[in-house]
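A short write-up of the structure that comes next.
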């Protein structure tokens, strides 16, 4: 009989399977997992002060590393706290492994204070859920769980699982897997680590479907190619750009993709507008909508008297196979054999002056964005009309978007991205209301000395809701309703909040101040926060 | 056809049913509800910057008002963010009404970014879940939902639903009900408010069971009466104390009850210890365990080689009916006709001096606790061995405990308690690690000018986990595991954090400083925070 307990076998299996980071907010049921970290330095434990930070960080890590980190969560309430950012990870097709400790098996019948339905919570957000029955199971279950995170999720029939060995694998195409670990499975002896399980290989596009798409592209009929996942990697964009230039096909991507390689040297693609009526304009006259790793375009919300489906009436929809980069490359070889992609040129905006507005703050970022930055974008209304243009000619960077619209993603995402890619600068663009959801991420940034510059876009309101209130046709007379969307009275002081968590912070009310503070923050390692007060 | 839309009918029905406060973090799907607040000033909208604040506040309101507030939540991720504190509310048998907006019905099929399984999340934590089908349904569904919050929950076969009309109803005995409201049900016209639905009447104890319990009490065999819910009201405690004095029955309550009336003028009861082995000592030789609104005692967690069930081997368990105060009063009339209850006398601890320890901070609180305070206790390890004794002879107060062990309850609970009882001082005793879960509650305290004094017990660690790590037998060598339980490096500065949210704050490192700051805070209306750094 092995002298390893289940928790040791679990952690060793994770390490053998390529999981090297665990973002955790553990509790009593996870103490053996925590103790196992002492003997396995290859697993880096990162303490997060709320589960929403742990799951959001695992998402950011998954998007940038192309393989999962673990998020260690405590029973049902701990899992529930992490669900919003697991939801974002699910929508991003990030590989994320949630490990949820449960009570010991014979304790689960006692209706003790923390008893709840972990399985139901896990199923609501995971493509794969398993409950380990014993210490013996933990090794094999852990290996299967890691493979499941790299599989094509149930939500993404056409996504590419990519090349797991590529050091700079781009485009995420995994899913959320949840392993539920009863405490007695962790503490019981006799467990053995398991060998890694190969991840599923993405399916190539079928021959008929390929011929159909190729024929559509050559037909001259108006077509749009919607890129997401691996199609938004440099390789995907180069192939798509060749196709577009050869055939007149227009290229689009979601408003907020999981990971979008863009900027100087990278072919450009137009994001869908946030408002459905604007997307209708973008897709006007399109007869063929070709989905390359993307979902069909829909509005985020329903509105009275309007359809939320944005596929143009009468247009045919074509879905690519799971192996998107290969498919795009093959298509380009056929329809654009002699056409080269045309990357964006380096063209930063002029440094603006004067008060901070949605335009000027974005231009400051565009003017100063460092080479190969990772931009975690949860600027929402403050950036949706301005950030893409202001950074289109900035040095090449990855933009990570708010995939599931569950707010509170940005600060944790930056934690995970910075740990996955410590050599790259991380910029977090964070709306004020959203920042308040997962603010303790700043403490982890400080503890781990992460090179993250956070800009809080403080417009002192849930600005998107002010717009939506009108768009859904809700008749207001001010007063009570206005108060539910307003974040002033009292004003949040993000400099004080960041300082309280150990992150140096400054405040900017003009473009000049933002420029000065941002340049200084980028020049100094470690986390910094700048509160940009928008006029 | 009525010209009211569904949201107006919903809010009018809530007001007619006695729901006067809505703690909300709304999104697009709830904009018609928000707009309806403009026309119904009888419904107070309270903005919370995270759903965990909204649900925790609704719990605190329910515990102190004895009727529900609404928590307005946005889709599945918003509900998920609020689940941990709904879990605490469920365990407290608080009446809480969660209203969750969903996408418009025809939008739910589109797999839009925020789509998730709201129903599954709601069922995991609610005794009652309904999804309204149309605007017509919203009035009747809202009335049924309010009644459901006042019903006896599925988890509490022996709890008392109490007297809904009593102005100072004590002891909570409701449950969490969740109403899911598609956006089109809110915005469609032709809706009508519904009349209130009577809450279910609690069942009286059966005649046979009553005779059995009475016989047990008169038998002279060693018995323990475990009080919870309404049994911990003054009326329940007076009856129980008479029974105890007449029969030698010992009185106990949970370690952290939902609401416990105690202090000078109130008969005392002994809380169960946190550690199971200590509860075994408390219940030694008990032959009869009589549960008055209480669950059977169990440990919070399982430990290797030990049972988590704490009912003494061989003891018989007797459960009272749902109408607990009536049952206790009838029993007292039979077994203790001539016995008067003996309330605790006023006996504050001497004001301590020197460094702040788990003992001295609690004594400062005991020395200064104002008359009729509401104490929200999430001090956990910092108070579990010291707070009950230090406040046993303080002026009468209500102590609200961490019922479900999902941390992050205290600050929001204080918000709800203060809104339910604006005339009473609220003291929130909050552990550092737990405070970080729902810190934005401070902003709502500031915005609503609530008279809450928060003391952060800052021991710079997850102290309970350090103890549990050892108790579960996890072998550690320090290093990595210690780092996962330590909240220093960097130290959290709660003065800065509170200031950043508009709450005036001070820091104390000695009993003298805590005494000075606490006295000043209690003498000044509005929210205050004191960071007590424990040595």
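The values are calculated or read from the model by the stated rules, or taken from the named source; none is laboratory data. All values reported here derive from a predicted model rather than from experimental measurement. All Cβ positions, even for glycine, are placed from backbone atoms using ideal geometry, and neighbour counts span all protein chains on display.
Inspect segment B:105-119 for any residue being crowded, with 24+ Cβ neighbours inside 10 Å, at pLDDT 95 or above and either away from every other protein chain (no Cβ under 11 Å) or more than 19 Å from residue B:25 (Cα to Cα) (or both) and give the result as yes or no.
Yes, segment B:105-119 contains at least one residue that is crowded, with 24+ Cβ neighbours inside 10 Å, at pLDDT 95 or above and either away from every other protein chain (no Cβ under 11 Å) or more than 19 Å from residue B:25 (Cα to Cα) (or both).
Can you pull out the strands (runs of 3 or more DSSP E) entirely within segment B:393-478 that have at least 2 residues that are within 28 Å of residue A:24 (Cβ to Cβ) and in contact (Cβ under 8 Å) with a residue 24 or more places away in the chain?
Values: elements: B:397-400, B:426-431, B:452-458.
By residue number, B:426-431, B:452-458.
Looking at segment A:303-335, which of its residues are within 14 Å of chain B (Cβ to nearest Cβ) and closer than 30 Å to residue B:30 by Cα?
Residues of segment A:303-335 within 14 Å of chain B (Cβ to nearest Cβ): A:303-311, A:317, A:319.
Answer for segment A:303-335, where residues must be within 14 Å of chain B (Cβ to nearest Cβ) and closer than 30 Å to residue B:30 by Cα: A:303, A:304, A:305, A:306, A:307, A:308, A:309, A:310, A:311.
Working only within segment A:223-280, note down all residues that are in a strand (DSSP E or B) and either more than 21 Å from residue A:317 (Cβ to Cβ) or over 23 Å from the mean Cα position of the chain (by Cα) (or both).
Going residue by residue through segment A:223-280, those that are in a strand (DSSP E or B) are A:223-227, A:250-253, A:260-262, A:264, A:270-271.
Result: A:223, A:224, A:250, A:260, A:261, A:262, A:264.
Could you tell me whether any residue of segment A:34-43 is more than 10 Å from every other protein chain (Cβ to nearest Cβ), more than 15 Å from the chain's Cα centre (by Cα), at negative phi and not in a helix (DSSP H, G or I)? Walk me through it before giving the result.
So the first thing to find is which residues in segment A:34-43 are more than 10 Å from every other protein chain (Cβ to nearest Cβ), and the list is A:42.
Cutting the leftovers down to more than 15 Å from the chain's Cα centre (by Cα) gives us A:42.
Remaining after also requiring at negative phi: A:42.
Then drop every residue that is not not in a helix (DSSP H, G or I), which leaves A:42.
Taking every residue of segment A:34-43 in turn, at least one turns out to be more than 10 Å from every other protein chain (Cβ to nearest Cβ), more than 15 Å from the chain's Cα centre (by Cα), at negative phi and not in a helix (DSSP H, G or I).
Mind checking which pairs have a first residue in segment A:358-374 that is free of Cβ contacts under 8 Å to residues at least 40 places away in the same chain and on the phi < 0 side of the Ramachandran plot and a second that is buried (at least 20 other Cβ atoms within 10 Å of the Cβ) and part of a helix (DSSP H, G or I), Cβ under 7 Å, 6 or more apart or different chains?
That search, which allows pairs on different chains as well, returns A:362/A:383; A:362/A:387; A:362/A:390; A:366/A:390; A:366/A:391.
For residues that are in a helix (DSSP H, G or I) and touching a strand residue (DSSP E or B) at 6+ places or on another chain (Cβ under 7 Å), scanning just segment A:299-348, find the one that is surrounded by the most Cβ atoms within 10 Å (Cβ to Cβ). Write out each step before concluding.
Within segment A:299-348, the subset in a helix (DSSP H, G or I) is A:324-335.
Subsequent filtering for residues that are touching a strand residue (DSSP E or B) at 6+ places or on another chain (Cβ under 7 Å) retains A:324, A:328.
On the way: A:324: 32, A:328: 30.
Filtering first and then ranking leaves A:324.
Could you pull out the residue among B:363, B:378 that is closer than 19 Å to residue B:516 by Cβ, in contact with a helix residue (DSSP H, G or I) (Cβ under 7 Å, 6 or more places away or on another chain) and modelled with pLDDT of 95 or more? Lay out the reasoning, then the answer.
On the way: B:378 fails: closer than 19 Å to residue B:516 by Cβ.
Sole residue among the options that is closer than 19 Å to residue B:516 by Cβ, in contact with a helix residue (DSSP H, G or I) (Cβ under 7 Å, 6 or more places away or on another chain) and modelled with pLDDT of 95 or more: B:363.
Name, by its number, the condition in (1) at the interface with another protein chain (Cβ under 8 Å from one of its Cβ atoms); (2) surrounded by fewer than 23 Cβ atoms within 10 Å (Cβ to Cβ); (3) within 28 Å of the chain's Cα centre (by Cα); (4) modelled with pLDDT of 90 or more that does not hold for residue A:468.
It is condition (4) that residue A:468 fails.
Is it the case, given these coordinates, that residue B:475 is facing chain A (nearest Cβ under 7 Å) and modelled with pLDDT under 95?
Working: facing chain A (nearest Cβ under 7 Å): yes; modelled with pLDDT under 95: yes.
Considered against the rule, which asks whether it is facing chain A (nearest Cβ under 7 Å) and modelled with pLDDT under 95, residue B:475 comes out as yes.
Which condition number does residue A:503 fail, the rest of (1) over 26 Å from residue A:64 (Cβ atoms); (2) in a loop (DSSP other than H, G, I, E, B); (3) more than 7 Å from chain B (Cβ to nearest Cβ) being met?
(1)
Among the residues of segment A:503-517, write down those that are crowded, with 20+ Cβ neighbours inside 10 Å and in contact (Cβ under 8 Å) with a residue 24 or more places away in the chain.
Looking only at segment A:503-517, we keep the residues that are crowded, with 20+ Cβ neighbours inside 10 Å, and these are A:503, A:505, A:508, A:511, A:514-515, A:517.
Once the filter is applied, which keeps residues that are crowded, with 20+ Cβ neighbours inside 10 Å and in contact (Cβ under 8 Å) with a residue 24 or more places away in the chain, segment A:503-517 yields A:503, A:505, A:508, A:511, A:514, A:515.
Would you check if residue A:490 is surrounded by fewer than 20 Cβ atoms within 10 Å (Cβ to Cβ), within 14 Å of chain B (Cβ to nearest Cβ), under 24 Å from residue B:435 (Cα atoms) and at pLDDT 95 or above?
On the way: surrounded by fewer than 20 Cβ atoms within 10 Å (Cβ to Cβ): yes; within 14 Å of chain B (Cβ to nearest Cβ): yes; under 24 Å from residue B:435 (Cα atoms): yes; at pLDDT 95 or above: yes.
Yes: the conditions hold for residue A:490.
Being at pLDDT 95 or above, more than 9 Å from chain B (Cβ to nearest Cβ) and touching a helix residue (DSSP H, G or I) at 6+ places or on another chain (Cβ under 6 Å): is that true of residue A:101 here?
Criteria met by residue A:101.
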